[in-house]
Every structure is written in C-alpha cells, then in structure tokens.
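Read the structure below first, then the notes.
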Amino acid sequence: MALSQNEVLVGLAEIVNEETGIDVESVQMGKSFTNDLDIDSISMMTIVVNAEEKFGVKIPDEEVKNLLTVGDAVNFITSAQG
Amino acid sequence: MNQIKLSQYETTRYSRIYSLGAARGDLVVTNDDIAGPIDSSDEWIRQRTGIITRRRAGKNQSLMDMSVAAAKEAIAGAGIQPSEIGAVIFSTISHPFQTPSAATLLADLVGANPAPAFDISAACAGYCYGIAQADALVRSGVAKYVLVVGAEKLSDFLDPTDRSISFLLADGAGAAIVGPSDEPGISPTVWGSDGSHWESVSMTHSLLEFRDGESPWPTIKQDGQTVFRWAVWEMAKVAQQALDVAGVKAEDLTALVTHQANIRIIDEMVKQLKLPEHVAVARDIVNTGNTSAASVPLAMHQLLADGTVKSGGLALQIGFGAGLAFAAQVVVLP
C-alpha cells in the first residue's frame with residue numbers, strides 16, 4: 001500500500017540521518033538539500049539510491065537534479081509509488 | 001590425397017601475475033595548488049574525493065618514461081628476460097599519438113622487440129581488461145609471458161577550471177607480467193560495457209572540432225552523479241559476480257583493489273560488499289590521485305610495498321570508467 005506524504009518524510013529523514021548524521025527533526029519539507037542541509041552531490045546520490053530501495057520507486061538521474069528540497073523528494077516519491 | 005594435420009597452440013591450464021611495477025608522476029600536487037581555478041579549497045576536495053595529494057608528471061616526464069620504469073620493474077621482479085615476453089598490452093587514453101601505438105615503442109624500449117604489441121582503450125577498466133587478455137593469451141599458449149601496462153599522463157588532457165573531474169586526475173604507470181602457473185592465479189573475468197552512457201565520462205570536444213577551430217583543446221569531463229551511482233551500485237554487483245565465478249567469498253579475500261576513482265566510491269563499495277575488516281582496502285588515491293588505467297596496479301603495488309598484504313593472498317581487482325567499461329577478477333597477489 002502506498003505510503004502517505006508524512007510516512008515518506010519520516011522514512012526519508014531516516015535515510016538522510018544515516019548518510020549524513022543530520023537530525024531527523026531537521027529534515028523538513030521546506031529545507032533545501034544543498035543550502036539548508038549542506039548535502040553534497042555524492043551524498044545526495046547515496047540518499048537517492050537508498051530511497052529507491054526503501055520505497056520501491058525509480059528515481060532517474062535526470063530527475064535527481066530537480067529534487068532541490070526535501071519536499072520535492074517527498075512529493076516525487078509519494079507520486080512515484082503509484 | 002595427403003592428410004595434412006594443422007598445428008595449433010598447445011594450451012596451458014593456469015596463469016598468474018608474476019610481478020608488478022609502478023611509477024608515479026614526479027610532482028606532488030596539493031589541493032591548495034589546484035583549488036584556485038575551481039574556486040575550491042583543500043577541505044572541499046578532501047571531503048568529496050579523499051585526495052590529499054596527487055602525483056603528476058614533471059615537465060620533462062613523459063607517459064613513456066613512466067611506462068618504461070614500471071615495465072622494467074615488473075620484468076625484473078618476474079625473473080624473466082625481456083626477450084621472453086610474447087606480447088605487450090598497453091592500456092591508455094593519454095598516449096598523444098593516434099598511431100603508432102604506445103605498446104610497440106614500449107616493447108622496443110624494454111627489450112621485448114619483436115613481441116606483438118598493441119594498445120587498448122578501456123580507460124579506467126583498461127588494466128583489468130589487459131589482465132583478462134593476458135590470461136587468455138597465456139592459457140591458450142599464444143604467449144608464454146605477457147607484459148600488461150596501464151599508464152596515463154592525464155595532466156595533458158585536463159582543464160584546470162573544470163569542476164567535474166580535473167582535481168581528481170593524476171599521472172602514473174603500473175605494469176604486470178602474466179605467465180603460466182601450476183595453480184590457478186587469475187579467476188574468470190566479469191567484464192562488459194554500457195555504451196548508452198558513452199557521454200558520462202568523455203572528452204569535451206572531438207579532435208576534429210579542435211582542428212577546425214571550433215573548440216578549445218579537448219579535455220576530460222564527467223557527469224559525476226551518474227558515474228557515482230553506476231560506479232558504486234552497479235559495480236558492487238559486478239564485484240560480487242567476480243567473487244561468485246571465482247568461487248570465493250568476501251571473507252576469503254586478502255585485499256580489495258578497486259579503480260582509485262574517489263574515496264567515497266571505494267568506501268561505499270566496501271559497505272555494499274559487506275567486506276569484513278580483515279580485508280585490506282587499497283586507498284592509494286589519497287596520495288596518488290586518479291590515474292585511470294594505472295590506478296589498479298599502482299594501488300596493488302602500494303599494498304605489497306608497504307607490507308599491508310603479502311604475496312599469495314587473494315585480491316579482488318575491479319576497474320570501471322569511461323565507455324562505460326568495466327572488468328573485475330580475483331587474482332593471487334604476486
């Protein structure tokens with residue numbers, strides 16, 4: 001069954017925490033991965049691959065460039081769950 | 001009618017790597033030395049790549065100078081005469097002549113003339129491609145000993161202002177002698193390519209565009225995120241396949257020697273392969289940088305030279321890069 005937006009956010013925050021050590025509470029919808037969370041491109045790709053595995057979705061390389069905020073990623077994953 | 005029986009090569013059962021040779025660029029280039037043109041810093045480069053210093057060739061140090069030094073060390077280490085070399089395989093993307101090959105000149109310079117000699121272009125996978133070919137040549141009886149060289153002078157093909165790859169690149173040469181063995185010394189190779197990502201690591205322009213004044217000197221560039229994803233998650237699968245076809249488990253390894261592309265690729269691959277702590281992981285990139293085809297033999301040579309690993313153990317070696325091309329095999333450490 002597809003996860004809700006909030007469930008995806010919680011799951012994504014866990015992945016971000018595991019990769020970067022950033023508190024799960026800091027991973028909020030409006031936060032920019034690069035500007036607010038200081039996540040570099042390599043960590044971002046690790047997060048993307050782990051998110052694909054966790055949520056059973058495909059996030060193509062060209063799509064990763066559009067995922068500027070946590071909200072962008074959560075929305076993409078939520079709708080990609082189909 | 002006369003029955004003529006055709007002669008064919010007599011095969012030999014096993015092969016192994018007898019010895020390695022290594023040569024690095026004379027110059028030790030720090031992150032501070034190159035940070036300016038990419039508006040970066042020592043900290044940024046270390047964090048993203050693991051590189052503290054990289055080795056680059058001095059002004060008068062050529063690709064061939066480094067290759068001869070590495071090849072001579074390997075030949076001496078194998079205890080063979082250069083005249084016994086039955087083939088020379090030279091992997092490079094930075095030989096500055098379309099033709100003739102670097103291999104024929106190297107063969108002549110190390111005393112292996114008139115051995116058959118040819119270049120291969122498989123970028124960072126090139127040395128492992130070369131070992132696969134050498135293994136096949138030795139076991140099929142085509143050559144008794146094969147000299148495999150992976151060598152690059154990438155500093156001739158980089159744009160100091162490029163933020164995608166230039167700060168990784170370095171110069172060096174690694175060499176190996178492959179020959180017959182009483183015991184298995186080189187596993188089957190898991191190798192292949194994916195040309196659908198042909199542009200992921202490539203030159204900025206073709207030589208024809210440069211000739212026609214339509215572009216600056218062509219240099220190496222990459223799409224870092226795409227390459228990172230492929231290099232870690234796809235190559236971890238290839239590494240596991242190489243272990244499977246070799247009939248060994250990760251805990252049986254003495255060492256993991258990956259292409260030295262970026263420390264974070266290496267660290268993530270270690271995680272994906274669930275390597276036990278006793279397996280030594282080559283991290284020559286920290287002080288050498290990314291030398292493409294030279295990086296696997298240089299990194300293995302370093303592990304042996306500093307006593308981290310001993311001859312006789314098993315090492316998984318894997319090269320991957322532009323093409324995209326990849327190759328992995330398990331070898332007995334020389």
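The values are calculated or read from the model by the stated rules, or taken from the named source; none is laboratory data. Predicted model, so just to flag it, every value in this text is computed and none were measured. Heads up, the Cβs are rebuilt from the backbone with ideal geometry, glycines too, and the neighbour counts pull from every protein chain shown. SASA here: full protein model, heavy atoms, side chains in, ligands and nucleic acids out. Shrake-Rupley method; radii C 1.70, N 1.55, O 1.52, S 1.80 Å.
Details
- Scanning the range A:34-82 for residues that are hydrophobic (A, V, I, L, M, F, W, C), outside any helix (DSSP H, G or I) and touching an Asp or Glu at 6+ places or on another chain (Cβ under 7 Å) gives a single hit, A:ILE59.
- Filtered residues of the range B:45-65 (kept if within 14 Å of chain A (Cβ to nearest Cβ) and open to solvent by less than 60 Å² (accessible area, probe 1.4 Å)): B:ILE45, B:ARG48, B:THR49, B:GLY50, B:ILE51
- Of all the criteria given as (1) crowded, with 20+ Cβ neighbours inside 10 Å; (2) of a type in the set (Val, Ile, Thr); (3) outside the structural domain of B:VAL138 (by TED's automatic domain parsing), the one not satisfied by B:ILE177 is (3).
- Scanning the range B:142-172 for residues that are within 18 Å of the chain's Cα centre (by Cα) and of a type in the set (Lys, Arg) returns a single hit, B:LYS153.
- Yes/no for B:ALA107 being at pLDDT 95 or above and in a helix (DSSP H, G or I): yes
- Residue match in the range B:91-114 (condition: under 22 Å from B:GLN329 (Cα atoms) and open to solvent by less than 20 Å² (accessible area, probe 1.4 Å)): yes
- Restricting attention to the range A:30-56, the residues being of a type outside the set (Val, Ile, Thr) and either in contact with a Ser or Thr (Cβ under 7 Å, 6 or more places away or on another chain) or closer than 19 Å to B:GLN47 by Cα (or both) number 13.
- Yes/no for B:SER292 being under 24 Å from B:TYR18 (Cβ atoms), touching a Leu at 6+ places or on another chain (Cβ under 9 Å), open to solvent by 10 Å² or more (accessible area, probe 1.4 Å) and at pLDDT 95 or above: no
- Residues within the range B:117-142 that are hydrophobic (A, V, I, L, M, F, W, C), assigned to a loop (DSSP other than H, G, I, E, B) and open to solvent by 10 Å² or more (accessible area, probe 1.4 Å), tallied: 1
Each row is one residue, and each column tells you yes or no for (1) of a type in the set (A, V, I, L, M, F, W, C); (2) in the same structural domain as B:PHE97 (by TED's automatic domain parsing).
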{"position": "B:LYS153", "(1), (2)": "no, yes"}
{"position": "B:ALA173", "(1), (2)": "yes, yes"}
{"position": "B:ASP194", "(1), (2)": "no, no"}
{"position": "B:PRO216", "(1), (2)": "no, no"}
{"position": "B:LEU253", "(1), (2)": "yes, no"}
{"position": "B:HIS259", "(1), (2)": "no, no"}
{"position": "B:ASN262", "(1), (2)": "no, no"}
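Every residue, every condition in (1) assigned to a helix (DSSP H, G or I); (2) modelled with pLDDT of 95 or more; (3) among the aliphatic types (A, V, I, L, M); (4) open to solvent by less than 60 Å² (accessible area, probe 1.4 Å), yes or no:
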| residue | (1), (2), (3), (4) |
| --- | --- |
| B:GLY192 | no, yes, no, yes |
| B:SER202 | no, yes, no, yes |
| B:LEU208 | yes, yes, yes, no |
| B:GLY213 | no, yes, no, no |
| B:LYS221 | no, yes, no, no |
| B:PHE228 | yes, no, no, yes |
| B:ALA231 | yes, no, yes, yes |
| B:MET235 | yes, no, yes, yes |
| B:ASP244 | yes, yes, no, no |
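Matching residues to (1) more than 14 Å from every other protein chain (Cβ to nearest Cβ); (2) of a type outside the set (A, V, I, L, M, F, W, C); (3) closer than 30 Å to B:VAL146 by Cα; (4) without any contact (Cβ under 8 Å) to a residue 40 or more places away in the chain:
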| residue | (1), (2), (3), (4) |
| --- | --- |
| B:GLY179 | yes, yes, yes, no |
| B:ILE186 | yes, no, yes, no |
| B:ALA236 | no, no, yes, yes |
| B:ALA255 | yes, no, yes, no |
| B:GLU268 | no, yes, no, yes |
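- The residues on offer are B:SER94, B:SER15, and the sole one that is touching a residue at least 60 places away in the same chain (Cβ under 8 Å) and touching a Phe, Trp or Tyr at 6+ places or on another chain (Cβ under 6 Å) is B:SER94.
- Scanning the range B:48-100 for residues that are β-branched (Val, Ile, Thr) and more than 30 Å from B:ASP267 (Cβ to Cβ) returns B:VAL68, B:ILE75, B:ILE80, B:ILE85, B:VAL88, B:ILE89, B:THR99.
- Residue ID - farthest from B:ALA122 (Cα to Cα), chosen from residues in the range B:202-234 that are within 14 Å of another protein chain (Cβ to nearest Cβ) and of a type in the set (A, V, I, L, M, F, W, C): B:TRP233
- Scanning the range B:143-154 turns up no residue that is open to solvent by 50 Å² or more (accessible area, probe 1.4 Å) and more than 26 Å from B:TYR18 (Cβ to Cβ).
- Residue list for the range B:246-257, filter: open to solvent by 60 Å² or more (accessible area, probe 1.4 Å) and in a helix (DSSP H, G or I): B:GLU251, B:ASP252
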